[in-house]
Protein chains: 2
Amino acid sequence: MANHVFGVDVGGTTVKLGLFDLDGNVIDKWEIPTRTENGGKEILPDIAKSIREKMKEKELAAQDVAGVGVGVPGPVDGNGIVHKAVNLGWEQFDLKKELTGLLGGMRVEGGNDANVAALGEMWKGGGQGYRNLVAVTLGTGVGGGIIINGEIMTGSNGAGGEIGHIHVEDNETERCGCGNLGCLEEYASATGIVRLANRTLAASDKESVLRNGEVSAKAVFDAVKAGDKLAVETARKFGEYLGKGLGVIAGILDPEIIVIGGGVSKAGEVLFEYIKPPFERTAFQGCRNTIFALATLGNDAGIYGAAKMVLD
Amino acid sequence: MANHVFGVDVGGTTVKLGLFDLDGNVIDKWEIPTRTENGGKEILPDIAKSIREKMKEKELAAQDVAGVGVGVPGPVDGNGIVHKAVNLGWEQFDLKKELTGLLGGMRVEGGNDANVAALGEMWKGGGQGYRNLVAVTLGTGVGGGIIINGEIMTGSNGAGGEIGHIHVEDNETERCGCGNLGCLEEYASATGIVRLANRTLAASDKESVLRNGEVSAKAVFDAVKAGDKLAVETARKFGEYLGKGLGVIAGILDPEIIVIGGGVSKAGEVLFEYIKPPFERTAFQGCRNTIFALATLGNDAGIYGAAKMVLD
């Protein structure tokens, strides 16, 4: 009987892989480089080869493996069709079918990396025990994954949960990476926090430790903890955008819990001091008690969630 | 074999009932008064009695009926538990169990009326052929129903799809019925359009046909069609709020189609001239091609959707 499952998280520079038992315990995890040349044609064969080698090393036969789940940095629909993954050079193709073929018929499931990470946090991370969850990743950008009744919400084009690109500001002049103006990502990502900090510094002549070095999201929240006024002002603006944005999301989805991850979340619980008041002020009353939690799996959320896709 | 199904839409003053065949053809439809006295205790017995009478009239035995679906004006969770229905006097109780008991064990399904109406529009209305749909009802308030992969998204408290109460304006001083400031409903409902029109008229000394009579949503859109400048200005503000709000919703849910219904939608296609430009300007590019359509079932959407719940 199958008692193992592989989880694969394909990133722009490395592919993370994990071998799990069916309870979600990590048996092994490792990385291989992502070869993006030639439209990313080598990526799936590289993954298949690495999985075969690991099976040999662990003396696993095909019938010992429930399957392979794969998270992809781009839209993937409910049938495992990748629609595009710019960072990998991938155009539209049938991920499930292709990787299954490379693995001798083994079961394969595919999903968008942010959605898959959300599933991981629900399974073994900050959202354990819940089945209606929104996971928000505050990193270079803002990613989102939505789980409804225990299942990933992919959306009709695989673009469900693109919460970094909800419009939150009418008076923005700098364009977001997506081409729009005033996306949540422009204020709530690590780079967004830097943008808010620089604007706050430029608009004031108050002293601030942020004037002394490189402004980063980490520097801002370190300064917040030290009571720096302009850092607090920056965090307040960040919290207004993110708290109101999450309030809208809660009003639409009515989740049990919102799990915050990504590099910015390393600031810890202090984030909630700035996110929750605007959330509670603006969210529909029926959703105002939504729980907030920090993600706990870090960069491993993707391999956990990818494995979990196979088990659902 | 069961070849009939009942759909029931419980409103604050009347209960609408429909008898359908399994293809969704209406065999009969009728209304009974909603008796809200005594905490609404009579409502379900009245419904059961009316259904029994109709079965007798149509010579239907219990085995001829697949079941009874019920739409309720309040949150109903995925197990058919009503959490509250203020207009009916209902507190939390098990709707499925109670009505099943009154109908000799017949299958009963329950849902929130806005979600149920969305299902109706998907089955036989403006959203036919789609399985990922957002239905927006622009009436006295703004209601919303969300269908994902053909199923109602209820949310964890039965409050999913409360899109009338997403926060869209920071600078509002009049409170929404829900107690918050700046909800979408304050601008996109029939009463919201009147609010925007009155503000537009007060801020200008331009001529307008709207100055000559009672300002209503219908009067505004009639005046828009006649080229009245202040009416057009009102419609533009309405469209900015609703278009941007729907852009956010699309970015989160990635639906195939947005179906607009309710009294305001009687204005027709002209609505889209005002909603679509701000939608397309602000929505995530992967969702920008979302189809817009008008609802077609009017007040019958609820009975259609209620019946469909039983057939799913």
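The values are calculated or read from the model by the stated rules, or taken from the named source; none is laboratory data. A quick note: this is a predicted structure, and the numbers were derived from the prediction, not measured. Here the Cβ positions follow ideal geometry from the backbone for every residue, glycine too, while neighbour counts run over all protein chains shown.
Here are a few things to note about the model shown:
- Taken over the stretch A:181-209, the criterion of being in contact (Cβ under 8 Å) with a residue 24 or more places away in the chain and over 18 Å from the mean Cα position of the chain (by Cα) is satisfied by A:Val194, A:Leu196, A:Ala197, A:Thr200, A:Leu201, A:Ser204, A:Lys206.
- Residue that is nearest to the other protein chains (Cβ to nearest Cβ), among those in the stretch A:265-285 that are under 12 Å from A:Gly239 (Cβ atoms) and of a type in the set (A, V, I, L, M, F, W, C): A:Phe279
- Within the stretch A:1-52, tally of residues that are part of a strand (DSSP E or B) and either free of Cβ contacts under 8 Å to residues at least 40 places away in the same chain or not small (Gly, Ala, Ser) (or both): 21
- Of residues in the stretch A:264-304 being over 15 Å from A:Glu121 (Cβ atoms) and small (Gly, Ala, Ser), the one modelled with the lowest pLDDT: A:Gly286
- Residue match in the stretch A:178-189 (condition: of a type in the set (A, V, I, L, M) and more than 11 Å from chain B (Cβ to nearest Cβ)): yes
- So A:Ile146, is it under 26 Å from A:Asn25 (Cα atoms) and either in contact with a Leu (Cβ under 8 Å, 6 or more places away or on another chain) or touching a residue at least 60 places away in the same chain (Cβ under 8 Å) (or both): yes
- Lone unmet requirement of (1) without any contact (Cβ under 8 Å) to a residue 40 or more places away in the chain; (2) at positive phi; (3) not aromatic (Phe, Trp, Tyr) for A:Gly262: (1)
- So B:Thr154, is it in a loop (DSSP other than H, G, I, E, B), touching a strand residue (DSSP E or B) at 6+ places or on another chain (Cβ under 8 Å) and at the interface with another protein chain (Cβ under 10 Å from one of its Cβ atoms): yes
- Which listed residue, of B:Ser216, B:Ser204, B:Ser208, is surrounded by 18 or more Cβ atoms within 10 Å (Cβ to Cβ) and of a type in the set (S, T, N, Q): B:Ser208
- Residue ranges of strands (runs of 3 or more DSSP E) in the stretch A:59-150 with at least 3 members within 12 Å of another protein chain (Cβ to nearest Cβ) and buried (at least 22 other Cβ atoms within 10 Å of the Cβ): A:133-138, A:142-148
- Members of the stretch B:76-104 that are more than 22 Å from the chain's Cα centre (by Cα) and either within 16 Å of B:Lys308 (Cβ to Cβ) or free of Cβ contacts under 8 Å to residues at least 24 places away in the same chain (or both): B:Phe93, B:Asp94, B:Lys97, B:Thr100, B:Gly101
To keep it simple, each residue is scored yes or no on (1) at pLDDT below 95; (2) surrounded by fewer than 19 Cβ atoms within 10 Å (Cβ to Cβ).
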site	(1), (2)
B:Ser156	yes, no
B:Glu169	no, yes
B:Thr173	no, yes
B:Gly179	yes, yes
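- Among the numbered conditions (1) within 30 Å of A:Ala250 (Cβ to Cβ); (2) in contact with a helix residue (DSSP H, G or I) (Cβ under 9 Å, 6 or more places away or on another chain), the only one that B:Thr173 does not meet is (2).
- Checking the stated criteria, A:Thr13 turns out to be farther than 10 Å from A:Ala307 by Cα, among the hydroxyl-bearing types (Ser, Thr, Tyr) and surrounded by fewer than 14 Cβ atoms within 10 Å (Cβ to Cβ).
- Boolean, B:Lys41 is of a type in the set (D, E, K, R), surrounded by 15 or more Cβ atoms within 10 Å (Cβ to Cβ), at negative phi and at pLDDT 95 or above: no
- Whether a residue is among the acidic types (Asp, Glu) and surrounded by 17 or more Cβ atoms within 10 Å (Cβ to Cβ) was assessed, and B:Glu256 passes this test.
- Subset of the stretch A:160-171 that is under 19 Å from A:Ile258 (Cα atoms) and either part of a loop (DSSP other than H, G, I, E, B) or at the interface with another protein chain (Cβ under 8 Å from one of its Cβ atoms) (or both) - its residue that is farthest from the chain's Cα centre (by Cα): A:Val168
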